[in-house]
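Accompanying notes for the structure given below.
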Amino acid sequence: MKRTHHCNELRPAHVNQTVTLAGWVHSRRDLGGLIFIDVRDREGRTQTVFDPSNLSKELFERAASLRSECVVNITGQVRRRPEGTNNPKIPTGEIEMVATGLEVLNMAEVLPFPVDDPEVAGKVNEELRLKYRYLDLRRPEMARNIRLRSKVATAIRVFMEEQGFLEVETPIMFKSTPEGAREFLVPNRREPGTFYALPQSPQQFKQMLMVGGIERYYQLARCFRDEDQRADRQLEFTQLDLEMSFIDREDIYNLIEGVLKRIWKVALGIDIPTPFKRISFGEALNRWGIDKPDTRFGMELVDFTEEFRASTFKVFSGAIANGGVVKALNAKGLAGATQGQIETMTEYAKSFGAKGLAYIKVEGGEWKSPIVKFFNAAEKAALAQKLAIEEGDLMLFAADQWLNACEILGKIRLYCADVLKGQGKLTIPADRFEFLWVVDFPLLSFDKEQNRWYSSHHPFTAPVAEDIPLLKTDPKKVRGQHYDIVVNGVELGGGSIRIHRPDVQKTVFEDVLQIPPDLVRARFGYMLEAFKYGAPPHGGIALGFDRLMAILCGTPSIRDVIAFPKTAKGTDLMTDSPGAVEPKQLRDLHLELKVAKKE
Ligand code: ASP
């Protein structure tokens, strides 16, 4: 008995055909002397009927002994379901198969959680799902995600090939370049005390491919970052990584808009309009308080620095005198915010170093807040007008250095939107996607603790050409040729035009980033040398593929789009990894443990 059709295939056109299905027992119902078995495979499910009047006793009993998730081959004849018993919810709902043969390929014990009921399965504790991931993957919701992931990966490959890109694999065993995130190290048995590192991204290799004349490279690349995990991170993750020669930023924008357009069409049947909006880093912070703005709703930040420069309210005028700004937002309809909600927002403000959070509730025609008494009529009028204040609104303020003030209100804005969504006062359709480019980032950011500049993106990002002379004199003014692609407040990816001149790259490493010359030589010497032998101008970008898939699948968790993800603690619960190793393995690697071995 060999499968002739999959379980989502049979229709009324197949009536009277003898067919064989293979799959799992999705459910078994014993009804009026008949046994109904829904058999499920990757594609869907089909109802089969075992009728004792035309089956041997032995075969019927075998059917009666089947439990959910047993693996079977069932042969039989397709017929229309009796009048009134169609199941419009499934594509095979008009037919059923009258079984004539049954082969039990494997029995199944009672599962640790059900996979057939989305309601129940959706509520199963995630640790249990991860421990039994092979069962979790049988759930139609997970199967759909994995399938869509494969479909999107294929669409990407087809698109990139059409655009003349070559898929090139780059090494997983690389060397340590401890500039960015913490790395995973792999001890080298051949030379005691030396290590490989797993790549945080194929950045250096893809640049060398450009020097190597490949011109257009892409890869669905696995990257590794040993960071303490936040909710949407994995220690290993996949990027659509690419690099192109002889291009400028416009070419990257064009290409990425094209590939995203293709992906959205293939995956969701949605035509996304291009070109995408472009917003400078400064504008993004000013208006939304974040460098990855969710522009699907308003509540934009408004500047009141001029209005409060001479205010008698010292908290505001003092901050301005210190070189800071006053910004506010109107959380529309949130005057009823609870004490707990106000406290949460105050904590956000404090986490940025603010002393507290100023706010005004507009209730019963009155402005309610201890700070209102300090405001004069002109200040109140300016607030009312620029924030379009109405009954029921909540004004929230930040008076601080520009970046801090923006970021405080940016965080509060997102929190207020969540509260309003919960109250049904803000609805965003699930199929609304607002893409935008964030551009004109500062090339460098300042690390107060270490008292030095570091790269906002990475040290290979090219400065905007006319800013190059400022590198040594006024680094904070230098803009980078860096771009981020954002959708609905999620950073999908980022990249840059790279430095391809050895002298500029050396200046950035040594004079700007203050990396000692011998360290530059040890870590990046080969790169500086490569740039001397005819490096073409080049640039690229990487998109987070897991995050992209989470958006397309409409799930908040990237774990739902990765076949075998790790937990927030970096554990694979199914294989129980990471684990201890044998003393001999350590000896071979010339390693000695300082901690007690994990039992
Ligand atoms: N390598 C960068 C990253 O992983 C992306 C790029 O600059 O192309 O974020």
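Close amide-amide hydrogen proximity is noted between ARG498 and ALA462, HIS538, GLY539, GLY540, each under 5 Å apart and 5 or more residues distant or on a separate chain (H modeled in the peptide plane; Pro and chain starts excluded). Distance cut-off 23 Å, Cα to Cα: go down the list LYS206/LYS277; LYS123/LYS425; LYS175/LYS472; LYS123/LYS566; LYS355/LYS421 and report the pairs above it. Listed pairs above 23 Å: LYS206/LYS277; LYS123/LYS425; LYS175/LYS472; LYS355/LYS421.
Considering only GLY494, TYR483, LEU513, the residue lying farthest towards the positive end of the dipole of segment 380-528 is LEU513, judged by Cα position with unit charges set on Cβ. Taking trypsin sites (Lys or Arg not before Pro) across segment 286-370, the ones in a DSSP loop with at most 11 further Cβ atoms lying within 10 angstrom of their Cβ are LYS355. If you find the alpha carbon centre of segment 212-243 and of segment 322-351, how far apart are they in angstrom? When both Cα centres are located, 36 Å separates them. Seen from PHE246, the other residues with C-beta closer than 11 Å to its C-beta sum to a net charge of -2, counting Lys and Arg as +1 and Asp and Glu as -1. In summary, segment 101-254 shows an alpha-carbon radius of gyration equal to 1.42 times the 2.2 N^0.38 Å reference for compact globular proteins. Span-like helix check, the chain: qualifying full DSSP H segments, with Cα axial length of 27 Å or more and mean Kyte-Doolittle of -1.0 or more, are 140-162, 249-268, 402-422. Quote the Stokes-Einstein diffusion coefficient, in whole µm² s⁻¹, for segment 39-80, based on the Kirkwood radius over alpha carbon pairs, a temperature of 4 °C and a viscosity of 1.567 mPa s. Roughly 111 µm²/s, to the nearest whole number.
Report the net charge of residues surrounding PRO293, where surrounding means a beta-carbon distance below 11 angstrom and charges are Lys +1, Arg +1, Asp -1, Glu -1. That works out to -2. Remark on TYR196: its backbone amide H falls under 5 Å from those of VAL186, ASN188, a criterion applied only to residues 5 or more positions apart or on other chains, H modelled at 1.01 Å from N. Within segment 185-207, which residues have the backbone N less than 16 Å from the label spot 7 Å out from ASN254 along Cα→beta-carbon, could you tell me? The answer is none.
Shown here for segment 119-167: trypsin sites (Lys or Arg not before Pro) in loop regions (DSSP other than H, G, I, E, B) with at most 12 other Cβ atoms within 10 Å, namely LYS123. Among the lysines, which have Cα under 28 Å from the Cα of LYS2 when same-chain residues fewer than 8 positions away are ignored? Within the straight-line limit of under 28 Å, LYS2 reaches these lysines: LYS57, LYS89, LYS151. Residue exposure proxy: PHE50, PHE304, ordered by other Cβ atoms within 10 angstrom of their Cβ from fewest to most, comes out as PHE304, PHE50.
Among the listed pairs LYS386/LYS477; LYS332/LYS477; LYS292/LYS476; LYS292/LYS532, those whose Cα-Cα separation exceeds 32 Å are LYS332/LYS477; LYS292/LYS532. Size descriptors for segment 1-61, from the alpha-carbon set: Rg then Dmax equal 12.1, 32 Å. Taking the square roots of five times each eigenvalue of the Cα gyration tensor of segment 249-352, the equivalent ellipsoid has semi-axes of 37, 20, 11 Å, listed largest first. When the GluC sites (Glu not before Pro) in segment 1-110 are filtered for DSSP coil states and for at most 11 other beta-carbon atoms within 10 Å of their beta-carbon, the remaining sites are GLU83, GLU109.
We did not get these values from a lab; they are worked out from the coordinates using the rules stated. Since we're looking at a predicted model, the values are computed, not measured. Neighbour counts are summed over all protein chains in view; Cβ atoms, including those assigned to glycine, are modelled from backbone coordinates with ideal geometry.
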